[in-house]
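The values are calculated or read from the model by the stated rules, or taken from the named source; none is laboratory data. Every value quoted in this text rests on a predicted model; they were computed, and no experiment measured them. Don't worry about glycine lacking a Cβ; one is built from the backbone with ideal geometry, like all the others, and counts go over all protein chains shown.
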Amino acid sequence: MNSTDAAGAGVPAVSVGLPVFNGETFLEVAINSVLAQSHDDLELIICDNASTDRTAEICNDYAARDARIRYFRNPHNLGAAPNYNLAFSHARGRYFKWLAHDDRMTPSYLAKTVRVLDERSDAVLCNSVVSYIDPSGAPIGLYNSGLARADSQSAAARFGWMVLRSHSCVDFFGLIRREALQNSLLHGSFHGADRALLAQLAIRGRLIQLPAPLVEMREHPNRYTRSQARSADRAAWHDASLRGRVSFPTWRLYAEYLKMIRRERMLSDERARCYAVLARWWGHNWNLARAGVDVLAVLAPGIPGAAERLKTRLFGAAPGHLIADRKQ
């Protein structure tokens, strides 16, 4: 049974936020994967970032046929981060999940992740191993993010696991306890913001991973990580108001880590251990080199993309990017 809000309207258990811009190619598949969930106590919030293709037509058609869909259209493109955060601002469920317009869930995803969060009051996020699919929807491989290692009693251990290792931030799209997202970073307006939010959630509670692949993420050339190589283009993609501004995403990420350690509620010894994690952070995952690239990108905006290509050529792709690089 749905709960009821102050106005008497039914409040769903789960809110799925689907931010989109010009997503006509894959959007219907994503929407259908939400509507086909075996756990149907949900609402689907679509935030359209002023698309210029058939996105609005598709969304209006679905919203007219299913009352669980709430469609919002921005008057102009705000950038990805504000649009993602608008989707959360409209959410009413006790659990929330972002779904990219080019991805899809298997029918049991919500039922199984909701069950975990209902049973585990100390957990704030649950996701599964990811199945990567190609543009046609065919499976091309699995990715285990290692999220299960963040199911620890220690906030510092969880924080350290999320920030010191290389991983693709697929768990940003997990099912999250809504109260854990309140007063959080949400989707920050900088490259690496998904990593920052996962670190903050790790401080706030346990992160759970289901071993069966219940979510499918689509690899294609137009994904943000493929199409935005220049530092300025990445900044504008995240937030349109930052167009033309100089950005230092690695430095910003480190600053956010420092702020969350200082502000989040935790025992003093756990806080000290989190600071110790950050003292080691510069020596992991090329972070010191990335910070230098941020500075050089002011003079040569194409350096971030060139540096990533060089690192991949010399040392191989980072975890979670092997499939994309193999197909290129």
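Computed values, structure above
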| quantity | calculated |
| --- | --- |
| Subset of the range 262-310 [of a type in the set (Ser, Thr, Tyr) and surrounded by fewer than 13 Cβ atoms within 10 Å (Cβ to Cβ)] | Ser268 |
| Residue list for the range 119-166, filter: assigned to a loop (DSSP other than H, G, I, E, B) and closer than 30 Å to Glu28 by Cβ | Asp134, Pro135, Ser136, Gly137, Ala138, Asn144, Ser145 |
| Listing of helices (runs of 4 or more DSSP H) fully contained in the range 1-101 that carry 2 or more residues being of a type in the set (Asp, Glu) | 55-65 |
| Residue match in the range 90-100 (condition: touching a Phe, Trp or Tyr at 6+ places or on another chain (Cβ under 8 Å) and of a type in the set (Lys, Arg)) | yes |
| Any pair with Cβ under 8 angstrom, 6 or more apart, that starts in the range 200-216 at a residue that is free of Cβ contacts under 8 Å to residues at least 60 places away in the same chain and ends at one that is charged (D, E, K, R) and surrounded by 21 or more Cβ atoms within 10 Å (Cβ to Cβ) | Ala202/Arg158 |
| The one condition in (1) within 22 Å of Trp98 (Cβ to Cβ); (2) over 17 Å from the mean Cα position of the chain (by Cα) that Ser154 fails to fulfil | (1) |
| Filtered residues of the range 197-229 (kept if touching a Lys or Arg at 6+ places or on another chain (Cβ under 7 Å), under 15 Å from Ala80 (Cα atoms) and either in a helix (DSSP H, G or I) or at pLDDT 70 or above (or both)) | none |
| Test: Tyr95 is surrounded by fewer than 20 Cβ atoms within 10 Å (Cβ to Cβ) and either farther than 23 Å from Arg178 by Cα or of a type in the set (Ser, Thr, Tyr) (or both) | no |
| Condition check for Asp239: surrounded by fewer than 22 Cβ atoms within 10 Å (Cβ to Cβ), in contact (Cβ under 8 Å) with a residue 40 or more places away in the chain and within 30 Å of Arg115 (Cβ to Cβ) | no |
| Condition met for Arg223 (of a type in the set (D, E, K, R), surrounded by fewer than 18 Cβ atoms within 10 Å (Cβ to Cβ) and more than 17 Å from the chain's Cα centre (by Cα)) | no |
| Pick from the range 230-263, criterion among the basic types (Lys, Arg) and assigned to a loop (DSSP other than H, G, I, E, B), ranking: modelled with the lowest pLDDT | Arg230 |
